[in-house]
Each structure stands twice: as structure tokens, then as C-alpha cells.
Amino acid sequence: MDLRISTKSQTAVLAGGPADGLRMRVADRPSVLQVTYPCPLDAPAEGVRVEALYIYRRALGSQDEPLTYGYDPASP
């Protein structure tokens, strides 16, 4: 029994939202990608970081490269 995970990668592009136009390589065609941006803290906090989270979902029917991921304004 072969338990290896496929690592075929494809080019993907993000459409809309704060990362519009960003291109990357993704493995195994994930249905959802998350993008984070660091948020500066007003005062130091030991071991704490804050990041804004943005969700992108693979467009239905996106088969050929580049795969298109659209911004989901309703998430998280």
C-alpha cells in the first residue's frame, strides 16, 4: 500500500481582496487558501502576535493554470 502524498504543484492567482493578483505555487489543488498580514501592536506583548486573516476559495471550474482563487469577503 502506497501512502505517499501527491505533491504536484500548479500556479495559482488570487483575485480580489487585499492580495489581488498575487501568484504562487500550490500543491494538490487546495480548495481554500488563507492569507495573513501582521498587525502592529501598540505595546509589546510577550509571545503574542496579531494577524489579519483573509480567505480565498478556488473558483469552481478552475482546472487549467493558473488556478484562480477568489476573495471571500464573508469569512472568517
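The values are calculated or read from the model by the stated rules, or taken from the named source; none is laboratory data. All values derive from a computational prediction rather than experimental measurement. Cβ sites come from the backbone with ideal geometry, for glycine too, and all protein chains shown count toward neighbours. What goes into the accessible areas is simple: the full protein's heavy atoms, side chains included, and nothing from ligands, DNA or RNA. Shrake-Rupley method; radii C 1.70, N 1.55, O 1.52, S 1.80 Å.
Computed in the context of the full set of protein chains, the accessible area of the chain at 1.4 Å probe radius has 54% of its extent on carbon or sulfur.
Amide hydrogen proximity for residue 67: with H placed 1.01 Å from N in the peptide plane, the residues at 5 or more positions away or on another chain lying under 5 Å are 11, 12, 13.
Only Cα pairs under 8 Å and 6+ residues apart enter the sum, and on that basis the relative contact order of the chain stands at 33 percent. Would any residue of region 35-61 have its amide N under 12 Å from a label point 7 Å out along Cα→Cβ of residue 15? List them or say none. Correct set: 57-61. Annotation: region 7-69 has a Kirkwood hydrodynamic radius of 13.2 angstrom, from the mean reciprocal C-alpha pair distance. What region 7-69 shows is 69 Å² of accessible area per residue, with the surface traced by a 1.4 Å probe over protein heavy atoms.
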